[in-house]
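I have placed the structure first, in the form of structure tokens, so that the comments after it can refer back to it.
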There are 2 protein chains.
Amino acid sequence: MSIQGLSINLATVRPQYSVAQAVDACLALGITAIAPWRDQIQAIGVKEAASIIRSNKIRVTCLCRGGMFPAADKTGLAAAIEDNKRAIDEAVAIQADCLVLVVGGLPKGSRDLPAAREMVADGLAAILPYARERSLPLAIEPLHPMYAADRACINTLEQALDVCDLLGEGIGVAIDVYHVWWDPNLYKQIARAGAGGRILAHHICDWLVPTRDLLLDRGMMGDGVIDLKSIRAAIEKAGYRGPQEVEIFSSENWWKRPGEEVLSACAERFLTTCHLQDKLAIGE
Amino acid sequence: MSIQGLSINLATVRPQYSVAQAVDACLALGITAIAPWRDQIQAIGVKEAASIIRSNKIRVTCLCRGGMFPAADKTGLAAAIEDNKRAIDEAVAIQADCLVLVVGGLPKGSRDLPAAREMVADGLAAILPYARERSLPLAIEPLHPMYAADRACINTLEQALDVCDLLGEGIGVAIDVYHVWWDPNLYKQIARAGAGGRILAHHICDWLVPTRDLLLDRGMMGDGVIDLKSIRAAIEKAGYRGPQEVEIFSSENWWKRPGEEVLSACAERFLTTCHLQDKLAIGE
């Protein structure tokens, strides 16, 4: 049995599992796609990770993450560009569908958001040829505006697509519902992203009310207020039918539970609150 | 001596002062404008509040707040509309420059953000004639997207101005830097707001890194990453030269300090990090 269309971002079970353990636990539940983080891959070595993934016929919906371009000076930006090329190499080695980019916020001490945004565009332009030569799509992930200062100064789908349009082929967006659900322009921009062939990934979780921590209080799908099915319907209508990838940072709840319980909840909630009913998600 | 162009939103010294005490403490520092909240006014009665304000020649930059329209049913929406009319009466009684509206988030149990936004537009349309008859401008305050679920489903200046354009005269926006500083369209929308004569208020504080609480961890101007002078310059260029109103919710820092220390910090930081240097802020 397999659950089609579901991927587990390994941040969701970061404290519970290594990559190898996560793959086994996913397969036991019929989940055949994952998205690891670079440090998780590096902990066992890229070769070993690639071997685990290949031998288990696992799909890798993305590698998390490149980006983090804005820096205090040109040396810093150059270092970020080099590091992103290594991330591209790693994503290629594990046959990831794309490399997700969290672009970075303000350099330390800076209040100049337009300058940070220019550095991001410069950084992306510098790594894009390297990614194109390796046929690896780059996926800009616009982050919620509450992360503009310290994590990503690309904060809406519109802004990410403007950057994509500037840069041309080989770059698109990762649409994470947590970051974009509130946006009055969301549905218009999803359609625009689809028309441009820019949708490379779809991440899911939920927005809790109240949210007790800016970073580590994401909810399981169904426990919050995001209209997951409407967003999925718009994304499919725009032409993207790839997996939905569960990415939950939850220091006080899901990270404290047994990994198997977390993965079971992901699978169940995916089927009940995220997956559209026009086709079966459970196959043989 | 007076500090021109500075107003204190009384939420900033909520635990320290009543309205009467806050007025005295502001005047002692040369601050001649305030913005009270409805519960602060109601605690002493609207008549008494109006008398204190008038006899001390205090400018009231706004009354906080009306709004909170989305409701589970029509009875709820009707009650919200009635309550907003009372808020308009109170704002008129204390001769406030405008009534600030925090429009409300999702009704309990709802995930339908477009429906909530429609209810907001309906609610605004219902109270606008009442406000016009009393010559009281209504100021929509777009709130940061992190409040979309529970406080306000109008989350960008663009969205607020779209609603204003729909509704016509007598309604504009309160631009609070905390809510809008991250927006890639900020400067374009400030210009648009100015061209339409829609800028009714300018609120200031700062975005701290890290931010430890979604609601109650606002920073004093200069302690965070918001480019306050650039935003002020854009607002003045757009034609608004009214006061900058300090609004800081800070449960773990400023709310724990003596009120006089807080007000002194507001005055000093206003002069050093917010006020533009082309004219004097301290007059006789």
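The values are calculated or read from the model by the stated rules, or taken from the named source; none is laboratory data. The shown structure was predicted, so the numbers you read here are calculated from the model rather than taken from an experiment. With ideal geometry, Cβ positions are generated from the backbone for all residues, glycine too; neighbour counts draw on all protein chains shown.
Scanning region A:141-153 turns up one or more residues that are assigned to a helix (DSSP H, G or I), at the interface with chain B (Cβ under 10 Å from one of its Cβ atoms) and surrounded by 24 or more Cβ atoms within 10 Å (Cβ to Cβ). When restricted to residues that are more than 21 Å from the chain's Cα centre (by Cα) and away from chain B (no Cβ under 14 Å), region A:99-125 contains 2. Of A:VAL225, A:VAL173, A:VAL177, all but one fail to be of a type in the set (Val, Ile, Thr), crowded, with 24+ Cβ neighbours inside 10 Å, within 14 Å of another protein chain (Cβ to nearest Cβ) and in contact (Cβ under 8 Å) with a residue 12 or more places away in the chain; the exception is A:VAL177.
To keep it simple, each residue is scored yes or no on (1) within 13 Å of chain B (Cβ to nearest Cβ); (2) within 18 Å of the chain's Cα centre (by Cα).
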site: A:HIS203; (1), (2): no, yes
site: A:LEU208; (1), (2): yes, no
site: A:ARG241; (1), (2): no, yes
site: A:PHE249; (1), (2): no, yes
site: A:ASN253; (1), (2): no, no
site: A:GLY259; (1), (2): no, no
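For A:ILE127, the criteria (1) surrounded by fewer than 24 Cβ atoms within 10 Å (Cβ to Cβ); (2) farther than 30 Å from A:THR211 by Cβ hold in every case but one, which is (1). Of everything in region A:12-39 that is buried (at least 20 other Cβ atoms within 10 Å of the Cβ) and in a helix (DSSP H, G or I), the residue that is nearest to the chain's Cα centre (by Cα) is A:THR12. Taking the condition farther than 30 Å from B:ILE226 by Cβ and either among the polar types (S, T, N, Q) or touching a Ser or Thr at 6+ places or on another chain (Cβ under 6 Å) (or both), does A:THR75 pass? No. A:SER264 passes every criterion in (1) away from every other protein chain (no Cβ under 14 Å); (2) in contact (Cβ under 8 Å) with a residue 60 or more places away in the chain; (3) touching a strand residue (DSSP E or B) at 6+ places or on another chain (Cβ under 8 Å) apart from (3).
Against the condition surrounded by 18 or more Cβ atoms within 10 Å (Cβ to Cβ), over 23 Å from B:LYS108 (Cα atoms) and hydroxyl-bearing (Ser, Thr, Tyr), how does A:TYR240 come out, does it pass? Spelling it out, A:TYR240 is indeed surrounded by 18 or more Cβ atoms within 10 Å (Cβ to Cβ), over 23 Å from B:LYS108 (Cα atoms) and hydroxyl-bearing (Ser, Thr, Tyr). The set of residues in region A:53-77 being of a type in the set (A, V, I, L, M, F, W, C) and either in contact with a Pro (Cβ under 6 Å, 6 or more places away or on another chain) or modelled with pLDDT under 95 (or both) consists of A:ALA71, A:ALA72, A:LEU77. Determine whether B:ARG192 is assigned to a loop (DSSP other than H, G, I, E, B), among the charged types (D, E, K, R) and surrounded by fewer than 24 Cβ atoms within 10 Å (Cβ to Cβ). So B:ARG192 does not fit the description; no.
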